[in-house]
Amino acid sequence: MKKTLLFIFSLLAATPSALMAAGPGEIAEPSAFEQAAALPANIVIRQDGSRLTINGAEGERLQVFSMTGKPVATYDITAASWTVRLSLPHGWYILRIGDVVRKIAL
């Protein structure tokens, strides 16, 4: 239990507060500092309802976590511009691709 809570808090700490302020279906744009920190990854995540489009992450793995830290889905990204439809219940989720972590609402 302690490891799960520590994992959740580490993911939330890595998620900028500006992203947490985004409403359902929105992913707020990172600040200049956050963009500079994410430059090596150069990954762009766009959301349209339950559909995610990911650019610049070919060969990476997308991990989707519930807000309790439980892994709910894993996908291997096979193209430079890759799209997936998440078949998950409505709610908040944490996405992780390498060092890039984002919070989304479905």
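The values are calculated or read from the model by the stated rules, or taken from the named source; none is laboratory data. Please read all numbers here as calculations on a predicted model, not as lab measurements. Cβ atoms come from the backbone with ideal geometry, glycine included; neighbour counts cover every protein chain shown.
Just to check your reading of the model, which residue among L6, L95 is modelled with pLDDT under 85 and outside any loop (DSSP other than H, G, I, E, B)?
Details: L95 fails: modelled with pLDDT under 85.
Only one candidate qualifies: L6.
Which members of region 57-71 meet the condition of being within 14 Å of the chain's Cα centre (by Cα) and either buried (at least 16 other Cβ atoms within 10 Å of the Cβ) or at positive phi (or both)?
Result: A57, E60, L62, Q63, V64, F65, S66, G69.
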